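Asks: Take a look at this one; I'll ask things after.
Please treat every number below as a calculation from the coordinates, not as lab data. Note that this is a predicted model, so its numbers are computed, not measured. Backbone-built Cβ (ideal geometry, glycine too); neighbour counts: all protein chains shown.
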Amino acid sequence: AAIAKPAKPATVLLNIVRNAFAAKGRFAWLALLPIVVGAVLLWVMHWGTRWDWLRGLGFFIAALGLIGGALGLRKARQPKIARCVTVAERQRLDEEWKQGGATRLRKVLLSATVAAASVALIVFTLVDAFLESRVIGSAFAFFVAGIVGIVGAGIAALLAAGHSLSGNLFGIVSGSNDEESSLSDWLTGLINELAGLDPQAAPLTFGQLRRGPDGSPGHGPSESGEPFVNLEMQTTCVTLGVPFRMPDAFGELYFYDPEDFAKYFPKRVVDFLKTYVDPTPRTPSNQADYDKVVAIGARQGLRPLPPSDGLPIIVATRMSLSFPVLLSAVRLYAIDYTCADAVDGSYVMDECWFSDGGVTSNFPITYFDSMLPSRPTFGITLRGFPPSQPQSGDDQSENVWMPRKNDQGIMDWWTKLAPAVGLGSLVGFFGLLLNTMQNWVDNQQSHVSGFRDRIVTIYHNKEEGGMNLNMPEETLVKLSERGRAAGDLLTRYYTTEEPGRTVSWENHRWIRARNTLAQLEGEFAKMAAVYPEHYEALVNRDKDQLPSYKWNNETQRSTAIQMFEGTADVKGMVPLGRELEEQVEAKETDSLRNGSPTPMPSLVSRPGQS
C-alpha cells in the first residue's frame, strides 16, 4: 500500500480539473452567446438594406460587456489582509472568502464568458465593416466562441486548484488520514520498527536515539558522552527565509495547532505531543518567561513543541520532505515581535511556514563536521549517468562511484542548457539560474579536498528516483541494491587498505590536518597585521570600560589576552602569526599553504542558530 500511495497526487489533480470543467459546464450556454449574436447580426445585415447603424450599436454594447467582464474578474481576486492582523481575525476573513467560493466561481465564469463573447462580437463587427465579408466575420465569431470554452475552463481550473491547494496547506498531500497507507502513518510505524519498537506505539523521539537502547547518554562509539545516534535534519522556514537545523533549532519558540497536526500526523503522534511533559527543570526566571509565551499561545489554541529530546523523529522527517505543492507545507507559530494586537497591544502568535529542506541545501555534508574530525562524516549523492559512465543492468555496484585517489572527483559537474531555441531556451536558462541559487554551496564544497573523498555517488537514469513517484518494484529493488553497494564502498575504503587506492580514513585525517594548518597560518597572519592598531588596547581594557558584552571576571580578561598575546612560556595567536609570516617571507616554500591539498576550503564566520 505504501508503494501505491504516490499515485494519489495524480488523482487529486485529475479531480481538480474534472470539477473545474464541471463548473464551467453549468454555464455552457454562455459560450453560445457570441454565436447567437453573430448569427442574428449576420441575418439582419444580409436581409436589411440600411442597417449599418447596428454595427455601431453592437460595437458599443460589446465594449461595455468587455469592460464589465474585466471588472468582474478583478473583483474575484482575494483582498490583501493587513500584515499585523491577528491570526484569529485572519482565519475569520479567510473563512469568509472560502464560503463565498461557489458564488465567486460563478461570477468569474460569467465575467470571463461575457468578456470573451464581447470580443467575438467586436471581431465580427470590425471584420464585416472593413472587409465586407460576412463569411469571415462569422468564422471569426465561431472561432472565438470555441476559445471561450477553453479560457473559461482554464480559469475555473486555476481557481479550483488554488482554492484546493491553499485550503490543504499549500500541498496536494498533507500526510495523514489515520490509515496505514498514508505517508506519515506508514513512516511513523516504519521508524518505530527500525528502532525495535512497536510500530503502533508512541513515536520514536530524538532523545531516545541520543540515549541509546539502555536509556543512558555517553554510550556512543567513543563512550565520551557523545550521543548514541546523533540524527539531524534540515527544513526551510520560508517565512523567515532561512534553513532550520532540526531538532535543536526550534528551542522553545515554536508552537503548533493540534488541528493542523492532525492533518500531518497520525493520532498517536498528536496525542503524544499533547501529553508530553518536559522533565528538564528551568530556573525560576526562565520558567516565568516560558509561561508567558505559553499563555499567549494558549489564547489562540496553540501548544508548544517539545524540546529537542522530546521531538518525535516523524515530525522532523515530515518537515524536511515537504516538497513544494506535492506535500503540504507545515505550519507552526511564533511571536512576531514587530506586530502587536491592535486592541490591547499584546503580542500574538503568527504563522511560520516550513517547506522542503532542499529549498536551501540538498547536501549539507558539514552538519557533523569539524576542523579536525575524530570520525568521518560520509555523504551519498544522486546524479544522472554521465556520458562516460554507461548504465549497467546486471551489477548495480558498477552504477556507484567514489574517488580512489586524491586527484579524483575534483572536476565540476556540468548542468548543460538543453538544445532549444526561442522560449524553450529561455525557460531552460531560468532553470539553470534556479539550480544555481539552490545548490551553489553544495556544488562548491563537494569538490574541496577533505570533502570529495568521503562522497559516494549513486547514478540513476530519468526513469529512476526524482519525481518518479510510481516506480515498478524492479526499479526500486535496483535502487536499493545501489544504496547497499554505496554503503559497502564507503565501509571498504575507510576500514581497509588496497593497492593503488589512496582514499582511506588515515589519508582523510591527514588531508584535514594539512587543510587546517594552512588555513590557520593565513588567519594568524591576518590577525597579527590588525591586532596592534585595532584590538590590542580594546582587549586590554578594564571590564568597566568596555562598550558591551563585558568580561564576567578578571580571569576571562586574562585568558583572552593570553590567547591573543601569549605568555612567557607559550606563544599567542598574534606573535605566532608574525613569526609564521616572517618565515614565509624569508622562504616561501616553508609556508604551510605550500603543497597543501587543493582547492583549499575557506575559513569563514557565518551566522548560527540560536
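Asks: Using amide H atoms built 1.01 Å from N in the peptide plane, name the residues 5+ places from Arg282, or on other chains, whose amide H lies under 5 Å from its own.
Replies: Those qualifying (amide H under 5 Å, at least 5 residues apart or on another chain) number zero.
Asks: Charges only on Cβ, +1 for Lys and Arg, -1 for Asp and Glu: so what's the dipole of region 376-475 about the Cα centre, in debye to the nearest 20?
Replies: 460 debye
Asks: For the pair Glu463 and Leu165, how long in nm is the line joining their label points, each one 7 Å along Cα→Cβ?
Replies: In this crude label model, Glu463 to Leu165 measures out at 2.9 nm.
Asks: Right, another one. Using a simple spin-label model with points 7 Å from Cα along the Cα→Cβ vector, what separation in nm is obtained for Lys267 and His447?
Replies: Each label point lies 7 Å from its Cα, and together they span 5.5 nm.
Asks: So which of Lys526/Lys587; Lys405/Lys587; Lys550/Lys571; Lys543/Lys571 end up more than 28 Å apart, counting from Cα to Cα?
Replies: Numbers: Lys526/Lys587 18 Å; Lys405/Lys587 30 Å; Lys550/Lys571 25 Å; Lys543/Lys571 24 Å.
The answer is Lys405/Lys587.
Asks: Something else about it: Could you give the size of the charge dipole of region 233-279 about its Cα centre, using +1 on the Cβ of each K and R and -1 on the Cβ of each D and E, expressed in debye and rounded to the nearest 20?
Replies: That gives region 233-279 a dipole magnitude of about 200 debye.
Asks: Now for a different question. Taking R0 as 45 Å, what FRET efficiency do you get between Val229 and Cys339 from their Cβ-Cβ distance, rounded to the nearest 0.05? Intermediate results must be reported in sequence, preceding the final value.
Replies: On the way: r = 40 Å, r/R0 = 0.88.
Efficiency, from the Cβ-Cβ distance: 0.70.
Asks: Between rounded, prolate and oblate, where does region 425-477 land on the alpha carbon gyration tensor, with a ≥ b ≥ c its root eigenvalues, rounded for a/c under 1.5, else prolate if a/b exceeds b/c?
Replies: Details: a/c = 3.45, a/b = 1.18, b/c = 2.93.
Oblate.
Asks: Then there's this: Summing Lys, Arg as +1 and Asp, Glu as -1, what charge do residues with Cβ under 11 Å from the Cβ of Pro403 carry, Pro403 excluded?
Replies: Net charge in that neighbourhood comes out at +3.
Asks: Also, I was wondering about something else. Quick one: if the Förster radius is 41 Å, what FRET efficiency do Glu506 and Glu473 give, using the C-beta to C-beta distance and rounding to 0.05?
Replies: Values: r = 41 Å, r/R0 = 1.01.
My answer for the efficiency is 0.50.
Asks: On full extension of the chain, what length is gained from Ser397 through Trp551, given 0.36 nm per residue of separation minus the C-alpha to C-alpha distance? Provide the component values of the computation, followed by the final result.
Replies: Numbers: separation 154, 0.36 × 154 = 55.44 nm, distance 5.76 nm.
Gain on extension, Ser397 to Trp551, equals 49.7 nm.
Asks: Long-range amide H contacts for Ile172: which residues qualify at under 5 Å (H placed 1.01 Å from N, peptide plane, sequence gap of 5 or more or a different chain)?
Replies: For Ile172, the qualifying residues are Leu326, Leu327, Ser328.
Asks: Once the Cβ-Cβ distance between Arg282 and Ser425 is put in as r, and R0 is 60 Å, what FRET efficiency do you end up with, to the nearest 0.05?
Replies: It comes to 0.50.
Asks: If you don't mind, there's one more thing I want to ask. Subtract the Cα-Cα distance of Asp289 and Thr567 from 0.36 nm times their separation in residues, and report this length gain in nm to one decimal.
Replies: Going from the current span to full extension adds 95.7 nm.
Asks: Separate question: Report ³J(HN,Hα) in whole Hz for each residue of region 578-588, in order, from the Karplus equation J = 6.51 cos²θ - 1.76 cosθ + 1.60 where θ = phi - 60°; Gly and Pro get x.
Replies: Here the 3J(HN,Hα) series is 4, 5, 5, 5, 5, 5, 5, 5, 6, 8, 4 Hz.
Asks: Hey, how many Å between the Cα centroid of region 448-477 and the Cα centroid of region 237-263?
Replies: 29 Å
Asks: With the dipole of region 251-389 worked out from charges on the C-beta (+1 for Lys and Arg, -1 for Asp and Glu) around the Cα centre, which of Thr280, Pro364, Pro386 lies farthest toward the positive end?
Replies: Going by the charge dipole, the pick is Pro386.
Asks: Calculate, in nm to one decimal, what Thr436 and Ala537 gain on full extension: separation in residues at 0.36 nm each, minus their alpha carbon distance.
Replies: 31.9 nm
Asks: Could you work out the local net charge near Leu479, counting Lys and Arg as +1, Asp and Glu as -1, over the other residues with Cβ closer than 12 Å to its Cβ?
Replies: The answer is -2.
Asks: Under a 5 Å amide H to amide H cut-off, with H placed in plane at 1.01 Å, what residues pair with Thr205 once short-range neighbours are removed?
Replies: Ile313
Asks: Extending each Cα 7 Å along its Cβ direction at Met411 and Lys587, get the distance between those two points in nm, one decimal.
Replies: 3.9 nm
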